[in-house]
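Below you'll find the structure, written out as structure tokens, and then a few comments.
The values are calculated or read from the model by the stated rules, or taken from the named source; none is laboratory data. Everything quoted here is computed from the prediction, not taken from an experiment. FYI the Cβ positions are ideal-geometry reconstructions off the backbone, even for glycines, and counts take in every protein chain you see. Side chains are part of the model used for accessible areas, which takes the heavy atoms of the whole protein and leaves out ligands, DNA and RNA. Shrake-Rupley method; radii C 1.70, N 1.55, O 1.52, S 1.80 Å.
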Amino acid sequence: MEQKVRVALLCGGQSAEHEVSLQSAKNIAEAVNPAVYDWTLIGITKDGRWLWQGGERQNAAGGFLLNENNPKTICLNEKNLVAFDCGNLKQLFDVVFPVLHGPFGEDGAVQGFLKMLGVPFVGSGILGSALGMDKAVAKKILRAEGIPIAHFVTLHKEEPIPAFSAIVGKLGLPLFVKPANMGSSVGVHKIHGEDEWLWHLDDAFLYDTKIIIEEYIEGREIECAVLGNGAKTEASCPGEIIASHEFYSYDAKYIDGNGARIEIPAKLPVGTTETIRKMAIQTFLTLCCADLSRVDFFVKKDGQVIVNEINTMPGFTTISMYPKLWEQCGIPYRTLIDRLIRYGLDRG
Ligand SMILES: Nc1ncnc2c1ncn2[C@@H]1O[C@H](COP(=O)(O)OP(=O)(O)O)[C@@H](O)[C@H]1O
Ligand SMILES: [Mg+2]
């Protein structure tokens, strides 16, 4: 009998998207073929401890429940009481699937760590992950490539805050403010007038020392899934997010059950769909990404397509946009995971 592929699912993590990650990991673990894969869960707590969860399944309502009392914690820093020989990760697993979102998980940090250990992993490497995470840097690179993005300015915490009127003169009103490195709409605000200016900037600065201020783009929110590598990169049909809030805020995403609905495929003219698919692949390759990403767009009333952002490890629950888009293209959830694990293994 052929040896099973030993997969470590890294989940949880230190970002605001900890819970989404636990849910994605649960769905992935339940979907993979047990005849082919032997999976082990490694949970990362919000304070950064790596916990060995093994193949046990403790389920909370949504996702996996991390066993915080497990004495077998892994690696490296002073937060962990019991050291685990990290070098063994390479002997223990054929591939790691870091199902982690946001800072520390999706920004190249964990990817660099795994690279140092010599363990093959699924998803973008250090550079693609880091570029995809930093909205300011990603936008500058996309702009240099001629990919349409919203006009924006970058602000650093230590610099004096520019006058509201100067920014409005440049970018108009309303404005959007967001931390450069975040996700899930945390710290994202729409600014309607000067009364909200300092208040919203201060909030965005809570999450990063660098923030961006953008012109408001009035348009539909369209997302496109990307799968593959290099010349073999493919894009799915686009899907639409229809938020019932003023924008696709944290509440609309996670708190309000009716905050948004998804429409797949998005009802768009054929030409617009093709532009989006082409631009999704172009964005993915320009930002040096690998294996998977979700590229998010605005489509204006006049049909103009604008890239908003890339997510190098998009939500991966069975109801998330990324797998749903591939399902629509004839790739079921389980096959999608097979392909992603294969990409990781092929790099090993
Ligand atoms: N320039 C903009 N114009 C209009 N809406 C925006 C703009 N930027 C962000 N938004 C709204 O805020 C949401 C979150 O912003 P986004 O840049 O996607 O950050 P995150 O990484 O937190 O998802 C978007 O889905 C959209 O609804
Ligand atoms: Mg977004």
Test: residue in region 244-254 that is in contact (Cβ under 8 Å) with a residue 12 or more places away in the chain, under 20 Å from A138 (Cβ atoms) and surrounded by 16 or more Cβ atoms within 10 Å (Cβ to Cβ)
yes
Do any residues in region 323-339 that are among the basic types (K, R) have Cβ atoms under 7 Å from those of residues that are exposed (fewer than 15 other Cβ atoms within 10 Å of the Cβ), where the two are at least six apart or on different chains, and which pairs are they?
R334/N33
Contact list, first residue from region 291-313 and within 19 Å of K139 (Cβ to Cβ) and within 12 Å of ligand 1 (Cβ to nearest atom), second anywhere and assigned to a strand (DSSP E or B) and among the hydroxyl-bearing types (S, T, Y), beta-carbon distance below 7 Å, six or more apart or interchain, is I310/S293; N311/S293; T312/S293
Every residue in region 325-348 that is touching a Ser or Thr at 6+ places or on another chain (Cβ under 8 Å) and not polar (S, T, N, Q), please.
L325, W326, C329, Y333
Picked from region 272-291 (must be under 14 Å from the mean Cα position of the chain (by Cα) and away from ligand 2 (no atom under 16 Å from the Cβ)), the residue surrounded by the fewest Cβ atoms within 10 Å (Cβ to Cβ) is A290
Residue in region 293-318 that is nearest to ligand 2 (Cβ to nearest atom), counting only those that are touching a strand residue (DSSP E or B) at 6+ places or on another chain (Cβ under 9 Å) and more than 25 Å from N181 (Cα to Cα):
K300
So for region 176-195 (the condition being in contact (Cβ under 8 Å) with a residue 60 or more places away in the chain, away from ligand 2 (no atom under 16 Å from the Cβ) and under 22 Å from G108 (Cβ atoms)), does at least one residue qualify?
no
Restricting to region 90-131, count the residues that are aliphatic (A, V, I, L, M), without any contact (Cβ under 8 Å) to a residue 40 or more places away in the chain and open to solvent by 10 Å² or more (accessible area, probe 1.4 Å).
5
How many residues of region 31-50 are under 20 Å from G344 (Cα atoms), outside any strand (DSSP E or B) and touching a residue at least 24 places away in the same chain (Cβ under 8 Å)? The answer is 5
